[in-house]
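First up is the structure itself, then whatever we jot down about it.
Throughout, read-outs are computed from the coordinates displayed, never taken from laboratory work. If you're wondering where the values come from, they're calculated on a predicted model, not measured in any experiment. Methodologically, a virtual Cβ is constructed for each residue, glycine included, from the backbone with ideal geometry; neighbour enumeration extends over all protein chains shown.
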Amino acid sequence: MAEIHTRVLIIGSGPAGYTAGVYASRALLEPILVQGMEPGGQLTTTTEVENWPGEIEIQGPELMQKMEAHARATGCEIVTDIITDLDLSRRPFTAKGDSGSIYTADSVILATGARAKWLGLPSEEKFKGYGVSACATCDGFFYRGEEICVVGGGNTAVEEALFLTKFASKVTLIHRRDELRAEKILQERLLRNPKIEPLWFHEVVEILGTEDPKGVTGVRVKHVKTGEEKEIPCKGVFIAIGHAPASELVKDQVETHMGGYVVTKPGSTETSVPGVFAAGDLTDWKYRQAVTSAGMGCMAALDAEHFLSEQE
């Protein structure tokens, strides 16, 4: 069992983690970055990114490959492992990897991001991977010429619905209210698209399907005001109701709020534990953009550098 010591341990590999890796390497802190379960994070499951400065349009996975390559080029050691346990009760901090490796660190940057939320229906769980998905870009092409439903009303839901019109014959967007929370430009695109039909004031109560072969045949929806139910035929259901922070490793060790987001001090990435910093979607319930995550990754590395120089 290898034991590895580092001055800065970065946990997570989205824009926040990789940017922290670049800055910590340039500060000669020789950081180790542990990629986690989904190297590249949520951007690896998006297609066109049109709001990354300097790239008019770039594919999400390509952007993350570039960031990883940049972090490596500056000297960041990138490890394919998953941190399963983290002890922040004393310094050096100790992290256990799924590989069996033990990492000890003088400072830690948490950049574990967020992941998709689900409706929590038994029928949703039953058909996950058989017509129920939270990633249009991963699974959209399976539904060429089919009717599909998207659940949600924010940016994610509208982006997924628009993307799915490339494949589907019809997309029904199911939303609990009668207005969207998405950016105005996305709303305009959605309402102009002849393939998309919004269904306002409805929520999904059950996902319908067959056992053999296993697959989705439709959804049962309920009007949130009248309680009236009806069925909508579809072959795929995409759940796009937001994200929850991946804070399981630290939820009892650092201060959290808003359902698990890590609290940082105003104008800083410092958490409630000295020497532990947090960046990206793990702390950000408001903006949740690649560019803001990267900015926080930079801040976290600079904060860690400052902390370590004070310790000396």
### Task
Find how many whole Å separate the alpha carbon centroid of segment 8-73 from the alpha carbon centroid of segment 242-298.
17 Å
#### Entry: Paramagnetic reach from D87 in segment 103-128 [backbone N under 20 Å; point 7 Å along Cα→Cβ]
103-110
#### Entry: Selected from F277, L33, G131, residue furthest toward positive end of dipole (the chain; charges at beta carbon)
G131
### Message
Please compute the modelled spin-label separation between E57 and D252, points set 7 Å along Cα→Cβ, answer in nm with one decimal.
### Response
4.9 nm
### Summary
Distance in Å, no decimals, from the C-alpha centre of segment 92-139 to the one of segment 163-191 is 27 Å
### Task
For every other residue with a beta carbon closer than 10 angstrom to the beta carbon of F238, add +1 if it is Lys or Arg and -1 if Asp or Glu, then tell me the sum.
-2
### Message
Please give the charge dipole size of segment 118-239, origin at the Cα centre, charges +1 on K and R Cβ atoms and -1 on D and E Cβ atoms. Round to the nearest 20 debye.
### Response
280 debye
### Task
Output ³J(HN,Hα) for segment 68-73: one whole-Hz value per residue in order, computed from phi by the Karplus curve 6.51 cos²θ - 1.76 cosθ + 1.60 with θ = phi - 60°, and x for Gly and Pro.
4, 4, 5, 4, 4, 5
### Message
Given axes a ≥ b ≥ c from the Cα gyration tensor, I'd like to know whether segment 118-239 is rounded (a/c under 1.5), prolate (a/b larger than b/c) or oblate.
### Response
oblate
### Query
What's the longest piece of the chain with no exposed trypsin sites (Lys or Arg not before Pro), counting a site as exposed if DSSP puts it in a loop and it has at most 11 other beta carbons within 10 Å?
1-89
#### Entry: Potential extension, D178-T210 segment - 0.36 nm per residue separation minus Cα distance
8.4 nm
### Task
Order by neighbour count: C138, C234, fewest other Cβ atoms within 10 Å first, most last.
C138, C234
## Note on the structure
Only helices counted: for the chain, with every DSSP H run of 4 or more residues adding -39500 (n - 2.57) and the sum spread over all residues, [θ] at 222 nm is -7500 deg cm²/dmol
### Summary
To the nearest 20 debye, the chain has a Cα-centred charge dipole, built from +1 on Lys and Arg Cβ and -1 on Asp and Glu Cβ, of 760 debye
## Note on the structure
per DSSP, antiparallel bridges as share of beta bridges in the chain, % nearest 5, sits at 50 percent
### Query
What's the local net charge at S293, with K and R +1, D and E -1, over the other residues with C-beta under 9 Å away?
-1
### Summary
Residues whose built amide H sits under 5 Å from the amide H of T217, excluding neighbours closer than 5 in sequence, are L208, G209, T210
### Message
Within 10 Å of each candidate Cβ there may be at most 14 other Cβ atoms; applying that plus a DSSP loop requirement, which GluC sites (Glu not before Pro) in segment 133-196 survive?
### Response
E179, E183
### Task
Using the structure shown, select from K128/K235; K117/K251; K170/K235; K214/K235; K251/K286; K117/K265 the pairs with a Cα to Cα distance greater than 21 angstrom.
K117/K265
